[in-house]
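The values are calculated or read from the model by the stated rules, or taken from the named source; none is laboratory data. This structure is a prediction, so every number in the text was calculated from the model and none was measured. Backbone-built Cβ (ideal geometry, glycine too); neighbour counts: all protein chains shown. Side chains included, ligands, DNA and RNA excluded: accessible areas come from the protein's heavy atoms. Shrake-Rupley method; radii C 1.70, N 1.55, O 1.52, S 1.80 Å.
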Amino acid sequence: SDETVMAGARLVPEDALMALSVSTTADRWQRLTRYGTPESQTLFRDSLAALEGRLLGEIGYTYADDIKPWVGDRITVAFLAPPPITSDTEPEDLQADRAALFILPIANLRRVRELAEEDGQSPAWQERTYKGITVRERQENGSSYAIAVIDRRFFVAATDSSAIDRAIDAYKGNDSIVSTPGYNPAW
């Protein structure tokens, strides 16, 4: 629904480089696989499989088994610029890449909790609290990941811990892309 998309957008910081919302409805994705040539259809399927492997495979998840049973009808994806350089910026932070932020509306909170309990047994996750929200972080194969559940309505995942903090700041401070002039009419 549009309300879900707009609410998910409230977690995207207003300085995001790009944000998009994609449907999780299987029949819409099935329709896409019918367009183009057999070669382009194969390329599309292979690209989706590679994306799933890159985003979920490293941490042992699949979309069909671990995400689909609880996610809402749309996922919002945002790409954030590295944090601004300040006097406290560490040299390794200058090498920071763009962070990806994934906002998944929760349609079945019980399933999310079950998944969290199963994965919570892993010592790879470290917990911290940011502005009253529990953030879980882990390092895997040289990459870092962070996740949080916000207001029991949104599961937020990021490829960088600071991206989760920026999403929480945007949500709590009302300085998300939704507050950008012209956003609502453009949407």
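What is the distance, in nm, between label points placed 7 Å from the Cα along the Cα-to-Cβ direction at Glu140 and at Asn174?
If labels sit at Glu140 and Asn174, their model points lie 3.7 nm apart.
What ranking do 14-21, 128-135 get when scored by the average of other Cβ atoms within 10 Å per residue, highest first?
14-21, 128-135
Between Arg152 and Asp27, what length comes free when the chain is fully extended (0.36 nm per residue of separation minus the Cα-Cα distance, one decimal in nm)?
42.3 nm
Find out how many positive minus negative residues lie around Arg28, taking Lys and Arg as positive, Asp and Glu as negative, among other residues whose Cβ is under 12 Å from that of Arg28.
Once positives and negatives cancel, what remains is +1.
Enter the accessible area of Trp29 (Å², nearest 10), with the probe set to 1.4 Å and all protein chains included.
Trp29 has an accessible surface of roughly 80 Å² with all protein chains in place.
Using 0.36 nm times the number of residues separating Leu56 and Ala124, minus their current alpha carbon distance, what extension gain do you get?
Once the chain is fully extended between Leu56 and Ala124, it gains 23.0 nm.
Give me the Kirkwood hydrodynamic radius of the range 15-67 in Å, from all C-alpha pairs, to one decimal place?
When all Cα pairs of the range 15-67 are included, the Kirkwood radius is 12.9 Å.
Mind checking the full-extension length gain between Asp65 and Leu43? Use 0.36 nm per residue of separation minus the Cα-Cα distance, one decimal, nm.
5.6 nm
Leaving ligands and nucleic acids out of the surface, order Leu43, Leu32 by accessible area at 1.4 Å, largest first.
Highest to lowest solvent-accessible surface, that is Leu43, Leu32.
So the label point goes 7 Å from the Cα of Arg111 along Cα→C-beta, right? Which residues of the range 35-65 then have their backbone N under 15 Å from it?
Counting only backbone N, you get 62-65.
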